[in-house]
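The values are calculated or read from the model by the stated rules, or taken from the named source; none is laboratory data. Because the structure is a prediction, the values reported are computed rather than measured. Counting neighbours? That spans all protein chains shown, and the Cβs are built from the backbone with ideal geometry, glycine included. When the accessible area is computed, the model is the full protein with side chains, heavy atoms only, and any ligands, DNA or RNA have been set aside. Shrake-Rupley method; radii C 1.70, N 1.55, O 1.52, S 1.80 Å.
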Amino acid sequence: MEASSRPTQHYLLLDGLRGVAALLVLAFHLFEAVAFAAGRSEQDMFHGFLAVDFFLILSGFVMAYAYDARWQSMSVGSFFRRRLVRLHPMVVAGVVFGVIVFVAQGAVRWDGTPMSWTTIVASLLFALFLLPSPLMLDVRGNTEMFPLNGPHWSLFFEYLFNILYALLLRRFSTRGLLIWVVGAAAALLAYALFGPEGTIGCGWSSSPTNMLGGFLRVAFDYPMGLLLARLFHSRPRRAIAGGWLFAICAILLAVLLSVPSLGGTNVFYQFFCISVAFPLIVWYGARGVSGSNKPLTFLADISYPLYAIHYPLIYLYIGWINAGVHPFGPYAWSTPVALALIAIAAAYLLSRFYDKPLRRWLSRSK
């Protein structure tokens, strides 16, 4: 989080909750692969994809906190530069890791079709500039917007809404922002209920309808965070001791994401999470006060790197399943646990020795 005139100690809990959400995304994808290996149609963290919505609401909140009061002394260009410095080093790391894993797996699609080096390099270039891959560059053959690192779809939309924030949304009054959020909520709910996907969990695919769902999803989440920040800072709030509050928020987030399908599409439950439960968690998390806290700092440090680089390990796991080659056996929990530990360790090392030093250097460069 970047410096501002507001007291930053109030937001260490939110930084820690971002790390919890990143761990839950990792768990969701690992449980998904485990369910695939076991031939089950439902995994153990059924609503884990909603952690992305929590991320995006939190991003909007932090964006308004960090920048709303600074526009008189900051240009749009300098804002874009700050956001690129903050976000893009890990985009590059995630893409490079993704292409290394893809080549190590034989540079073939899931159906066994070999990919030419021209196609791989073109897909890499699109991904490095965070541009959705056209179907001809879908090297994995799963219609992902970013086939070298699937979760980067949400970073693409976050970039888009960073631009909209700088050019448009920051100029809205609180009432205007409320109208936007209500309208986006209605559009997203209508899409999830009556559209072809039947869920809020869209955005990862390059199919037009799925991309539309992803846009509507972020068009609600990110401005909801902006609105929460406006309302939160409109008057002083009594601080809450952070230890128990963080534990309650983290457990609540994990429980919400673990609710099973109960045989339905659960659109109304999904909508409840993003429109009521997650905003409340952000609201109360922002009121929590914690002093120097190493566990929260660790969670904050690994949160973005973990999200940006974990998914190529899932590609490896699914590739092992498809090939019938499992380091610890097809149903052994040792494999996903080992992959989780590798992902967390890699995220920490990238944060400490790559992301932070590079961002400091880029921030000093002119």
ask   = Quick one: how many residues across segment 262-282 are more than 21 Å from Ala190 (Cβ to Cβ) and outside any helix (DSSP H, G or I)?
value = 2
task = Mind telling me which of the residues Leu130, Leu87 ends up being under 14 Å from Phe156 (Cβ atoms), at pLDDT 95 or above, of a type in the set (A, V, I, L, M) and part of a loop (DSSP other than H, G, I, E, B)?
result = Leu130
note = Here the residues within segment 34-64 that are at negative phi and modelled with pLDDT under 90 are Val34, Ala35, Phe36, Ala37, Ala38, Arg40, Ser41, Glu42, Gln43, Asp44
request  = Determine, yes or no, whether Leu316 is in a helix (DSSP H, G or I) and touching a Gly at 6+ places or on another chain (Cβ under 6 Å).
outcome  = no
request  = Filter segment 245-255 down to residues that are without any contact (Cβ under 8 Å) to a residue 12 or more places away in the chain and either of a type outside the set (Gly, Ala, Ser) or in contact with a Phe, Trp or Tyr (Cβ under 6 Å, 6 or more places away or on another chain) (or both) and give me whichever is nearest to Trp283 (Cα to Cα).
outcome  = Ile248
query = For Pro336, all conditions in the list (1) without any contact (Cβ under 8 Å) to a residue 60 or more places away in the chain; (2) open to solvent by less than 20 Å² (accessible area, probe 1.4 Å) hold save one; what is the number of the exception?
reply = (1)
note = Scanning segment 130-173 residue by residue, those touching an Asp or Glu at 6+ places or on another chain (Cβ under 7 Å), open to solvent by 40 Å² or more (accessible area, probe 1.4 Å) and under 29 Å from Leu30 (Cα atoms) turn out to be Gly141
query = Based on what the data block shows, is Leu306 within 24 Å of Asp44 (Cβ to Cβ), touching a Gly at 6+ places or on another chain (Cβ under 6 Å) and among the aliphatic types (A, V, I, L, M)?
reply = no
key: The lone exception for Phe215 - which of (1) in contact (Cβ under 8 Å) with a residue 40 or more places away in the chain; (2) part of a helix (DSSP H, G or I); (3) buried (at least 21 other Cβ atoms within 10 Å of the Cβ); (4) not β-branched (Val, Ile, Thr) it fails   = (3)
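Conditions (1) in contact with a Cys (Cβ under 9 Å, 6 or more places away or on another chain); (2) of a type in the set (Val, Ile, Thr); (3) surrounded by 13 or more Cβ atoms within 10 Å (Cβ to Cβ), marked per residue:
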position	(1), (2), (3)
Ile248	no, yes, yes
Leu252	no, no, yes
Ser258	no, no, yes
Leu262	no, no, no
Val267	no, yes, yes
Cys273	no, no, yes
Pro279	no, no, yes
Gly285	yes, no, yes
task = Quickly run through segment 190-212 and pick out the residues that are over 13 Å from Asp53 (Cβ atoms) and either without any contact (Cβ under 8 Å) to a residue 40 or more places away in the chain or assigned to a helix (DSSP H, G or I) (or both).
result = Ala190, Tyr191, Leu193, Phe194, Gly195, Pro196, Glu197, Pro208, Thr209, Asn210, Met211, Leu212
key: Checklist (1) crowded, with 16+ Cβ neighbours inside 10 Å; (2) under 21 Å from the mean Cα position of the chain (by Cα) applied to Gln105, failing item   = (2)
task = Output the number of the condition that Leu50 fails; it satisfies all remaining conditions of (1) in a helix (DSSP H, G or I); (2) open to solvent by 10 Å² or more (accessible area, probe 1.4 Å); (3) over 12 Å from Arg170 (Cα atoms).
result = (2)
note = Picking from Gly263, Gly288, Gly242, Gly319, the residue that is without any contact (Cβ under 8 Å) to a residue 60 or more places away in the chain, of a type outside the set (A, V, I, L, M, F, W, C) and farther than 25 Å from Arg170 by Cα would be Gly263
ask   = From the residues in segment 174-212 that are of a type in the set (Val, Ile, Thr) and under 21 Å from Val276 (Cβ atoms), which one is surrounded by the most Cβ atoms within 10 Å (Cβ to Cβ)?
value = Ile200
query = Can we say Gly242 is over 21 Å from the mean Cα position of the chain (by Cα) and buried (at least 17 other Cβ atoms within 10 Å of the Cβ)?
reply = yes
